[in-house]
1. How far is helix 153-172 tilted, in degrees, relative to the longest principal axis of the Cα atoms in the chain, given as a value from 0 to 90 rounded to the nearest 10?
2. Compute the angle between helix 4-21 and the longest alpha-carbon principal axis of the chain, please, reported from 0 to 90 degrees and rounded to the nearest 10.
3. List the relative contact order of the chain as a percent without decimals, with contacts defined as Cα pairs under 8 Å and 6+ residues apart.
4. If the chain between Glu168 and Lys25 were fully stretched, how many nm would it gain, using 0.36 nm times the residue separation less the Cα-Cα distance?
5. How compact is region 71-173 by the rule of thumb for globular proteins, expressed as Cα Rg over 2.2 N^0.38 Å?
6. With θ set to phi - 60° and the Karplus curve 6.51 cos²θ - 1.76 cosθ + 1.60, what are the ³J(HN,Hα) couplings of region 80-91 in order, to the nearest whole Hz, using x for Gly and Pro?
7. Residue farthest toward the positive end of the dipole of the chain, with Cβ of Lys/Arg at +1 and Asp/Glu at -1: which of Pro112, Ile151, Met1?
8. So, R0 is 30 Å and r is the distance between the beta-carbons of Ile56 and Glu129; what FRET efficiency does that work out to, to 0.05?
Amino acid sequence: MKGLWDHSMGCALACSTVAKHVGFKDPEEYAVAGLLHDIGKVLAVVQLPECKEEIINAVKNDDLTYLEAENKVLGFGHDRINHWVAGYWNLPLKLKEGLAFHHKPSQARHYPDVAQVVHVGDFLTRLFEVGSGGDDQVSTLDREVMLKLGIDFPLLEKILDELVTEFEELAVS
Ligand SMILES: [Fe+2]
Ligand SMILES: [Fe+2]
């Protein structure tokens, strides 16, 4: 899971930046969701170490995303694990939905805003290649999510400008 910590830290930063720019209150709440969004990846390889190599091989040999590889090997992905564990840990519904639906924000019924912000944060973190989410691919950005968050090109430019500096600071810290 080399690189996942940096990816998670980067995503936390990206989520708070996106949340702030789209005008959401308490950007730090979105940062927590960003920090924990791939926790299911860690839990899967810790609990099922025999599957770790198989997932990594599927990413490399079959050119799959990490999520696709998890689904192929385990039959479910880290998004599903996030859903289970967030329920088990009694995390607030807001956080639970952010973790469980960051790949499919349209499935979040109560707090789609958190899942949407994490979706964009994850994409931006991969775009800037901060850490590693387990594969080399930049996740698909759902255009619908950008529309729902009201992120147009001028706003995206502002977010990118701020993130460049933040990611640079993260890299030297
Ligand atoms: Fe993910
Ligand atoms: Fe991620």
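1. The angle comes out at about 60 degrees.
2. Between the helix axis and the principal axis of the chain, the angle is about 30 degrees.
3. On the way: 246 pairs, mean separation 49.8, N = 173.
Relative CO of the chain lands at 29 percent.
4. Details: separation 143, 0.36 × 143 = 51.48 nm, distance 2.52 nm.
Length gained between Glu168 and Lys25: 49.0 nm.
5. Working: Rg = 14.8 Å, N = 103, 2.2 N^0.38 = 12.8 Å.
My calculation over the Cα atoms of region 71-173 gives 1.15.
6. 5, 4, 4, 4, 5, 6, 5, x, 5, 7, 6, 5
7. It is Pro112.
8. Details: r = 18 Å, r/R0 = 0.61.
With R0 = 30 Å, the Cβ-Cβ based efficiency is 0.95.
The values are calculated or read from the model by the stated rules, or taken from the named source; none is laboratory data. Here the structure is a predicted model, which is why all the values come from computation and not from measurement. Note that each Cβ is placed from the backbone with ideal geometry, even for glycine, and that neighbours are counted across all protein chains shown. Only protein heavy atoms, including side chains, enter the accessible area calculation; ligands, DNA and RNA are left aside. Shrake-Rupley method; radii C 1.70, N 1.55, O 1.52, S 1.80 Å.
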